[in-house]
Each structure stands twice: as structure tokens, then as C-alpha cells.
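Asks: Take a look at the following structure, please.
No lab work stands behind these numbers, since they all come straight from the coordinates. This one's a predicted model, so the numbers in the text were calculated from it and none came from an experiment. With ideal geometry, Cβ positions are generated from the backbone for all residues, glycine too; neighbour counts draw on all protein chains shown.
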Amino acid sequence: MPIVVATLRTRPDTVEEVIDVYRRLIPRVHDEVGCELFSLHRGEGVVTLIERWTTASDLQAHSVSPVFQEISSALRGLLASRPEIQVLESIPAGTTTQGIVG
């Protein structure tokens, strides 16, 4: 079960615009096959997405989906650099409710 952490560094004063793009389009991502989690987080000059997909194939399908393309187009000019994407594997540790995202 792939976990994705996507960090988007925004241009000055574009954090809210980036968040608006995702607020508008996240419902469509949530409807995609295999999307178990697609959550949005804000920091100083950064927007971070945490995603969980049922299978690597589901994640791959998302990466070429129409909504992914729409998000990419809407973000043009709003980011200071290319998104930093990490695809991770959960490692159980501690309690089952607090120690794993999967």
C-alpha cells in the first residue's frame, strides 16, 4: 500500500491559490479507485499532500488521470519549484492505531 508525501513549495503569496486548487479538485481524487487518503496540509510557504493508495497500480492510474492533469495545469505559475514527491512504505511500530498509516 503506497504512501505518498508530496511537498509543494509555493511562490510568495500563492499558498491560498494552491490550496484553492486542491479544495476544488480533491473530491474528484477521493472518487478515484484505490484512493484511501488524500489530505491537504499547509505550512510556511509550503503545501503538503499525504496520500494512501490501495495498490501501486492505483497510484499509477492517478498519476495519469484527468484530474491529476487538471491539478498540474492549475498549479502552473504558482509553485517556486517542482513538487518533491516521496513514495513510502509504512513500517508498523508502536500501537496498531498510532504506529501505521496503512
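Asks: From (1) in contact with a helix residue (DSSP H, G or I) (Cβ under 6 Å, 6 or more places away or on another chain); (2) surrounded by fewer than 12 Cβ atoms within 10 Å (Cβ to Cβ), pick out the condition that doesn't hold for Val67.
Replies: (2)
Asks: Only residues in region 21-44 that are over 22 Å from Thr55 (Cβ atoms) count as the first member; pair them with residues that are part of a loop (DSSP other than H, G, I, E, B), Cβ under 9 angstrom, at least 6 apart or cross-chain, and list the lot.
Replies: Cβ pairs passing all conditions: Val21/Leu78.
Asks: Cβ contacts < 7 Å: first residue farther than 20 Å from Pro2 by Cβ and in contact (Cβ under 8 Å) with a residue 12 or more places away in the chain, restricted to region 53-82; second residue hydroxyl-bearing (Ser, Thr, Tyr) and surrounded by 16 or more Cβ atoms within 10 Å (Cβ to Cβ), any location; separation 6+ or different chain. Result?
Replies: Pairs found: Leu78/Thr10; Leu78/Thr14; Leu79/Thr10; Ala80/Thr10.
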